[in-house]
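Peer 1: Have a look at this one before I ask anything.
The values are calculated or read from the model by the stated rules, or taken from the named source; none is laboratory data. Note that the coordinates shown come from a computational prediction; the quantities given were computed from them, not determined experimentally. Here the Cβ positions follow ideal geometry from the backbone for every residue, glycine too, while neighbour counts run over all protein chains shown. When the accessible area is computed, the model is the full protein with side chains, heavy atoms only, and any ligands, DNA or RNA have been set aside. Shrake-Rupley method; radii C 1.70, N 1.55, O 1.52, S 1.80 Å.
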Amino acid sequence: MTTSRPSGAGAAPAPPPARPARLHRAPFLPVLAVIAVLAGLLLTGALVALPGTSASALTSPSLLPAARDGKATVELVGSAPTLASPGSTVTLTLQVTNGTDVVLDGAGLDLGVSWRPLTSRESLSAWAQDDGTSTAGPPQVDETVERLAPGDTAQVTMELDVDSLGLSAENPWGPREMSVALTRGGSTLDVVHTFLLFAPEGDAPDPVSVSVAAPVTGPAVDPLDPDGYDLELGTATATGGRLARLLDAAAVSGTSPGMSLAVDPALVAAAAASGDGDSQAWATRLTGAPVTGDDADTSASLTSTIGTRSTAATGEPSDVAVLPGYDPDLAAVAHADPTRADVAAATGGEAALGAAWQRPEGWDLTVGWPEGRPDAATLAAGRDAPVDQVVVADGLAPADGAAASARTAVDTSSGKVPALVADDGLSSAFASLTDGDDAPSAAEASTRVLADAALVALQQQDSGQQDLHLLAALPRDWSPDPALVGTVLGALHDASWADVVPLSETVAAPASRVPRDEPARGERAGRSKGELAPSSVRRLLDSHRDLAAFSTVASDPVELSGDADQALVAPLAVAARTERDARERAVDLAVEQSDALQQGISVADRSNVTLVSDTGKLPVTVSNELPVDATVTVVLRPDASRLVVESRPTVVVPAGTSSNVHVPVRAIGSGDVNLQVEVLAPSGTVVAGPTSFSLRVRAGWETAGTAVVAALVALLFIGGIWRTVRRGRSSARTTDEGVADAAADPQGPDAAAPDDSPPRDPHDDDPNDPGGGGIPAARTPPAQATETDPS
């Protein structure tokens, strides 16, 4: 037995602190300072060399005084070799910690091993999770723990001769229960439950494949506190943050095969667009795509941030799948009586990201990941979602504990759903590898995972199956210890009976036909704690449906409605289950934003119109207050058959403008008609209206008026001709001879003579005058026609 402990074990209690000097007694301060220095030197000397310390005592950074939790504990630090074979010796290294306020003296360690092999995974899991003081059997080896002061730790080495257990080559291959108990005075203080992996030569079963996958999701989005979201995201992605540790744990390195991630694209897009350097560096490392800053300084800062990480920490995950955008709660959606279109909308947040997101090459797999144990309705919703597989992290266990691959198909009301069912034992083991105080040591965790995988390999061999692929699925709030995870993954991958493979390999493996437990259906199914109420889900889905139909007015609907779409999906996030007040506010604001956007197209009111012809075009003014051009169709609906609308014109109304749209109509009768005006999107949904105005139809008035006018024009034309003809027959008309004479002598003696003839009586020319003996009126001399020379 070898016991090691840090210097300082068994030291005398430190002297009580000196009473603080009063500030007004300055002369005593130097004296107190000297006393403090001397006390420090004495304490240092006690730490350097203590009487009674054994020569084998070791000091290491891992043995610093532990936090006092009131308990004395023991944990497994190392076990070698991994496989115990006949004739071998297994060396265990254990660490004892005195977390009490009193000296631990007279304690010892008892090592017990059961000769009986474990054949049930349920028994193995129960043994590993047993926090009681039960042991695997009577002690085969015992060691003494030397005196430990409060807060001190010590390492103890124990050696186990495998042959002393009576195990030989005839005994079966597989894990056995093993325990190490910390005792004192006949009382058991603490017990480590672990396993001995016994392996006769040549009996190792064929390996099973194991995929380890974790969802990568962020905090819930609060639209009233965007700065708070950015701050929380920056903290999570900074060095030591949960998301940063998750990426570190998944990284492939020289000692770890890495693990798979299922990433929320909205989270990655938000990190990439963030002004926080840690968030940008995290997104760059995950996607492998550089994030372009606003200037050269930002890019240089980002490069420096990435470069400060260790080589192991900058490795990429083994592979990456994609979750629906904003990680929607499939259970909440399923319990709101959705249509297939509703499910597609709720899980289509990735498309709503638009130009802010582009899938990296190789991220081809899309998975839905319901929270908790999904019922049949939730799985059916997964079938209607745009995903390739649904990860079932809880439930659907193989019947009778049989070995089964993760990939399967589940019957639902919507048909068969492709699913990846997680293995409970392995999932629980990996979920314990956190940065918390209750996390197991690397040796304890590795031994448990190896023992569990060994039992599965034996089940595969006994059932005659081949190429089993198991899945360990981690919870959303998993905060891993990257070093611990890497150690366990490396140990599992190095084992001859297990291989760690990417999730994509498990998806490509043949589906298992092993019977499984049925999901809850009907009355046995119910809402989980924290689910968004069906009425609120219904508001979001209905608003999303209306917005999707409206946004077809744009040539690129995502450009128009992307922000509103994201706002409608965000409250459905699983992360919002714990933020109920913020979630309800987000629901209200999202619906209001959607409604406001759908008011962007309108029809101007107009006064009554009179139609006096059989056909015409009625103008309708359409206003577009949207930030994009809108393609719309104007529809008139008369309430009487005396007016026929001949077509529905489709026009493009530029952004921020109004356009007059002329709708052709035809009247087949006179009377008043009420017209209803609607504006339709290309999807057929009404985006403006209905509004109405009255139309006075006076069919035929225009024809009758035209006829009257034409008749009047004809009469005037005929009257003009008649008058011209009548004037041509007058006796006062100048003859050709007179015109010729005047042209021959334009300067005759009478040309300039005044006309001295008496005034002509208008009755002289009357042929009906009985006194026709009057003097006839003289004709205009031929010379006067030439006076009016047009030149």
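Peer 1: Please state which one of Val367, Val410 is touching a strand residue (DSSP E or B) at 6+ places or on another chain (Cβ under 8 Å), of a type in the set (Val, Ile, Thr) and at pLDDT 95 or above.
Peer 2: Val367
Peer 1: Condition (residue is part of a loop (DSSP other than H, G, I, E, B), closer than 27 Å to Ser85 by Cβ, in contact with a Ser or Thr (Cβ under 6 Å, 6 or more places away or on another chain) and not aliphatic (A, V, I, L, M)) applied to segment 123-136: is it met by at least one residue?
Peer 2: Yes, the conditions are met somewhere in segment 123-136.
Peer 1: Hand me the list of helices (runs of 4 or more DSSP H) wholly inside segment 179-280 holding 1 or more residues that are closer than 30 Å to Arg583 by Cβ and of a type in the set (Asp, Glu).
Peer 2: 226-237
Peer 1: Right, next: Collect the residues in segment 622-637 that are surrounded by fewer than 17 Cβ atoms within 10 Å (Cβ to Cβ) and at pLDDT below 95, keeping them in residue-number order.
Peer 2: Within segment 622-637, just Arg637 meets the criteria.
Peer 1: Among the residues of segment 501-518, which ones are out of contact with any His (no Cβ under 8 Å at 6 or more places or on another chain) and either crowded, with 23+ Cβ neighbours inside 10 Å or modelled with pLDDT of 95 or more (or both)?
Peer 2: Result: Pro502, Leu503, Ser504, Val507, Ala508.
Peer 1: Oh, and also: Go through segment 90-116 and give me each residue that's under 16 Å from Thr194 (Cβ atoms) and open to solvent by less than 40 Å² (accessible area, probe 1.4 Å).
Peer 2: Hits for segment 90-116 are Val90, Leu92, Thr93, Leu94, Gln95, Val96, Leu109, Leu111, Gly112, Val113, Ser114.
Peer 1: List the residue pairs whose Cβ atoms are under 6 Å apart, where the first residue sits in segment 682-695 and is farther than 15 Å from Val622 by Cβ, the second is surrounded by fewer than 16 Cβ atoms within 10 Å (Cβ to Cβ) and hydrophobic (A, V, I, L, M, F, W, C), and the two are 6 or more positions apart or on different chains.
Peer 2: Taking only residues 6 or more apart or on different chains, the pairs are Leu695/Val609.
Peer 1: Somewhere in segment 577-597, is a residue closer than 30 Å to Gly372 by Cα, open to solvent by 30 Å² or more (accessible area, probe 1.4 Å), in a helix (DSSP H, G or I) and free of Cβ contacts under 8 Å to residues at least 24 places away in the same chain?
Peer 2: Yes, there is a match, as at least one residue in segment 577-597 is closer than 30 Å to Gly372 by Cα, open to solvent by 30 Å² or more (accessible area, probe 1.4 Å), in a helix (DSSP H, G or I) and free of Cβ contacts under 8 Å to residues at least 24 places away in the same chain.
Peer 1: Quick one: which of Asp400, Asp438, Asp394, Asp411 is in a helix (DSSP H, G or I), without any contact (Cβ under 8 Å) to a residue 40 or more places away in the chain and among the charged types (D, E, K, R)?
Peer 2: Only one candidate passes the filter, namely Asp400.
Peer 1: Given the residues Ala429, Ala419, which is the only one that is within 22 Å of Pro370 (Cβ to Cβ), out of contact with any strand residue (DSSP E or B) (no Cβ under 7 Å at 6 or more places or on another chain) and open to solvent by less than 10 Å² (accessible area, probe 1.4 Å)?
Peer 2: Ala429
Peer 1: Pick from Ala154, Ala204, Ala199: which is at pLDDT 95 or above and open to solvent by less than 60 Å² (accessible area, probe 1.4 Å)?
Peer 2: Criteria check complete, one pass: Ala154.
Peer 1: Of all the residues that make up segment 462-515, how many are farther than 19 Å from Ala321 by Cβ and assigned to a helix (DSSP H, G or I)?
Peer 2: The number of residues fulfilling the criteria is 13.
Peer 1: Next up: Just wondering, is there one or more residues in segment 424-431 that are more than 18 Å from the chain's Cα centre (by Cα), aromatic (Phe, Trp, Tyr) and modelled with pLDDT of 95 or more?
Peer 2: Yes, that holds for at least one residue.
Peer 1: Of the conditions (1) aromatic (Phe, Trp, Tyr); (2) more than 20 Å from Lys617 (Cβ to Cβ); (3) modelled with pLDDT under 70, Phe717 fails just one. Which one is it?
Peer 2: Looking at each condition in turn, Phe717 falls short on (3).
Peer 1: So if I check each of Ala498, Ala483, Ala491, Ala472, which one is open to solvent by 20 Å² or more (accessible area, probe 1.4 Å), touching a helix residue (DSSP H, G or I) at 6+ places or on another chain (Cβ under 9 Å), under 24 Å from Gly174 (Cβ atoms) and of a type in the set (Gly, Ala, Ser)?
Peer 2: The unique qualifying residue is Ala491.
Peer 1: If we keep just the residues of segment 379-389 that are in contact (Cβ under 8 Å) with a residue 40 or more places away in the chain and buried (at least 18 other Cβ atoms within 10 Å of the Cβ), which is nearest to Ala336 (Cα to Cα)?
Peer 2: Per the criteria, the residue is Ala381.
Peer 1: Now, a different point. For a quick check of your reading of the model, give me the residue pairs whose first member lies in segment 417-433 and is under 11 Å from Leu470 (Cβ atoms), whose second is assigned to a helix (DSSP H, G or I) and of a type in the set (Gly, Ala, Ser), with beta-carbon atoms closer than 8 Å and at least 6 apart or on different chains.
Peer 2: Asp424/Ser125; Gly425/Ser125; Leu426/Ala453
Peer 1: Answer with yes or no whether Thr255 is hydroxyl-bearing (Ser, Thr, Tyr) and either farther than 23 Å from Ala128 by Cα or open to solvent by less than 20 Å² (accessible area, probe 1.4 Å) (or both).
Peer 2: For Thr255, the condition - hydroxyl-bearing (Ser, Thr, Tyr) and either farther than 23 Å from Ala128 by Cα or open to solvent by less than 20 Å² (accessible area, probe 1.4 Å) (or both) - is met.
Peer 1: Tell me which of these Gly522 doesn't satisfy, since it passes every other one: (1) modelled with pLDDT of 95 or more; (2) over 22 Å from Ala220 (Cβ atoms); (3) surrounded by fewer than 18 Cβ atoms within 10 Å (Cβ to Cβ).
Peer 2: If we test Gly522 against (1) modelled with pLDDT of 95 or more; (2) over 22 Å from Ala220 (Cβ atoms); (3) surrounded by fewer than 18 Cβ atoms within 10 Å (Cβ to Cβ), just (1) comes out false.
Peer 1: Looking at (1) farther than 15 Å from Thr194 by Cβ; (2) of a type outside the set (Phe, Trp, Tyr); (3) within 51 Å of the chain's Cα centre (by Cα), which is the only condition Arg147 fails?
Peer 2: Condition not satisfied by Arg147: (3).
Peer 1: Tell me whether segment 671-685 contains one or more residues that are surrounded by 11 or more Cβ atoms within 10 Å (Cβ to Cβ) and either over 30 Å from Gln598 (Cα atoms) or at pLDDT below 75 (or both).
Peer 2: yes
Peer 1: Can you name the number of the only condition in (1) of a type outside the set (Lys, Arg); (2) under 19 Å from Asp329 (Cβ atoms); (3) over 18 Å from the mean Cα position of the chain (by Cα); (4) open to solvent by 60 Å² or more (accessible area, probe 1.4 Å) that Ser555 fails?
Peer 2: (2)
Each row is one residue, and each column tells you yes or no for (1) surrounded by fewer than 24 Cβ atoms within 10 Å (Cβ to Cβ); (2) modelled with pLDDT under 95.
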| site | (1), (2) |
| --- | --- |
| Ala238 | yes, no |
| Arg245 | yes, no |
| Ala250 | no, no |
| Gly275 | yes, yes |
| Gly288 | yes, yes |
| Asp295 | yes, yes |
| Thr298 | yes, yes |
| Leu302 | yes, yes |
| Thr305 | yes, yes |
